[in-house]
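Colleague: Here it is, the structure, as structure tokens.
Bear in mind these aren't lab numbers, they're just calculated from the coordinates by the rules spelled out. Being a predicted model, the structure only gives us computed values, none of them experimental. Reconstructed Cβ throughout: ideal geometry from the backbone, glycine too, with neighbour counts over all protein chains shown.
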Amino acid sequence: EDQVTQSPEALRLQEGESSSLNCSYTVSGLRGLFWYRQDPGKGPEFLFTLYSAGEEKEKERLKATLTKKESFLHITAPKPEDSATYLCAVQGSGGGSYIPTFGRGTSLIVHP
Amino acid sequence: GAVVSQHPSRVICKSGTSVKIECRSLDFQATTMFWYRQFPKQSLMLMATSNEGSKATYEQGVEKDKFLINHASLTLSTLTVTSAHPEDSSFYICSARVLAIREQFFGPGTRLTVL
């Protein structure tokens with residue numbers, strides 16, 4: 001069974017204070033690791049897909065990295081508008097169903 | 001691109017009535033659509049997976065006779081909550097995917113309140 005653990009559960013930062021969110025996973029045959037951002041009362045917004053260890057992707061102040069056991073979402077010089085819950089999901093090939101497994105998320109609050 | 005819409009965004013109904021939620025992929029054809037339920041400050045709970053033209057596959061513990069899912073076309077899936085009760089009140093979110101190994105795109109969600 002695929003498993004995803006995100007840490008920390010909650011993170012408070014001052015504006016400009018860089019940090020990283022962690023997503024540890026176990027999966028049978030990784031087919032993709034996904035990062036999403038979710039604002040309160042809205043559906044998740046797609047950020048990144050990573051397919052293999054060593055891969056990195058960037059978007060504005062966000063950078064996602066991937067190893068064989070975990071992924072990090074690095075936030076550089078965050079702004080208050082980066083406050084949201086960040087979700088990580090993995091998709092393996094076990095059983096052929098290709099159904100992603102989501103973590104519980106990290107709630108990020110950036111104070112001005 | 002990759003926009004998914006849901007309608008309605010919010011619905012309030014009386015106990016015992018049925019509610020239909022529509023999920024549409026606006027600019028792509030979705031081979032697979034997912035329906036999730038989310039309680040306050042909790043993560044997504046997958047309810048069912050549906051492929052166009054096929055019966056939905058429900059997760060363990062989800063009543064298929066209560067949560068009817070129809071995926072009639074590559075751009076439309078519907079979730080009908082039959083004989084809704086207050087415990088069905090929740091935030092329902094759909095998502096759509098083009099290929100099995102690719103990311104999902106989520107709709108904005110539907111807030112259901114059953115009185």
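Colleague: Contour minus end-to-end for A:T67 and A:S93, with contour as 0.36 nm per residue of separation and end-to-end as the Cα-Cα distance?
Modeller: On the way: separation 26, 0.36 × 26 = 9.36 nm, distance 1.77 nm.
Additional length available on full extension: 7.6 nm.
Colleague: For chain A: lysine pairs with Cα atoms under 18 Å, gap of 8 or more or different chains, count?
Modeller: Lysine pairs meeting the criterion: 4.
Colleague: Distance from the Cα centre of segment B:31-97 to that of segment A:34-112, in angstrom?
Modeller: 23 Å
Colleague: Let me ask something else. Please build a GNM for chain B, connecting alpha carbons under 10 Å apart, and tell me which residue among B:S73, B:S43, B:S15 fluctuates the most.
Modeller: For chain B, modelled as a Gaussian network with Cα springs under 10 Å, the answer is B:S43.
Colleague: Follow-up question, since we're still on this one. Over chain A, what is the relative contact order in percent, taking alpha-carbon pairs closer than 8 angstrom and at least six residues apart? Write down the numbers at each step before the final one.
Modeller: Values: 291 pairs, mean separation 41.6, N = 112.
Averaging sequence separation for qualifying contacts and normalising by length gives 37 percent for chain A.
Colleague: Could you tell me the calculated FRET efficiency between A:E15 and B:R111, based on Cβ-Cβ distance and R0 = 45 angstrom, to the nearest 0.05?
Modeller: On the way: r = 31 Å, r/R0 = 0.68.
About 0.90, to the nearest 0.05.
Colleague: Tell me, what is the percent relative contact order of segment A:42-88, built from C-alpha pairs under 8 Å that lie six or more residues apart?
Modeller: Relative CO of segment A:42-88 lands at 23 percent.
Colleague: Semi-axes of the protein assembly as shown's equivalent ellipsoid from the Cα gyration tensor, sqrt of 5 times each eigenvalue, largest first, rounded to whole Å?
Modeller: On the way: eigenvalues 178, 87, 46 Å².
Computed over the protein assembly as shown, the values are 30, 21, 15 Å.
Colleague: Taking the Cβ-Cβ separation of B:T80 and B:Q42 as r and a Förster radius of 30 Å, what is the calculated FRET efficiency to the nearest 0.05?
Modeller: On the way: r = 23 Å, r/R0 = 0.78.
Result of the calculation: an efficiency of 0.80.
Colleague: Under 8 Å for C-alpha pairs, at least 6 residues apart: give me the relative contact order for chain B, rounded to a whole percent.
Modeller: Result for chain B is 37 percent.
Colleague: Which of the trypsin sites (Lys or Arg not before Pro) found in segment B:44-89 are in a DSSP loop and have at most 12 neighbouring Cβ atoms, other than their own, within 10 Å?
Modeller: Working: sites: B:K55, B:K64, B:K66; in loops: B:K55, B:K64, B:K66.
Listed in order of number, the matching sites are B:K55.
Colleague: Taking chain B as a whole, which cysteines find no other cysteine Cβ under 4.7 angstrom from their Cβ?
Modeller: B:C13
Colleague: If you don't mind, there's one more thing I want to ask. Taking the simple approach of a point 7 Å from Cα along Cα-to-Cβ for both B:K20 and A:F46, what is their distance in nm?
Modeller: 2.8 nm
Colleague: While we're here: Determine the sum of side-chain charges near B:Q42: Lys and Arg each +1, Asp and Glu each -1, restricted to other residues whose C-beta is under 13 angstrom from that of B:Q42.
Modeller: +2
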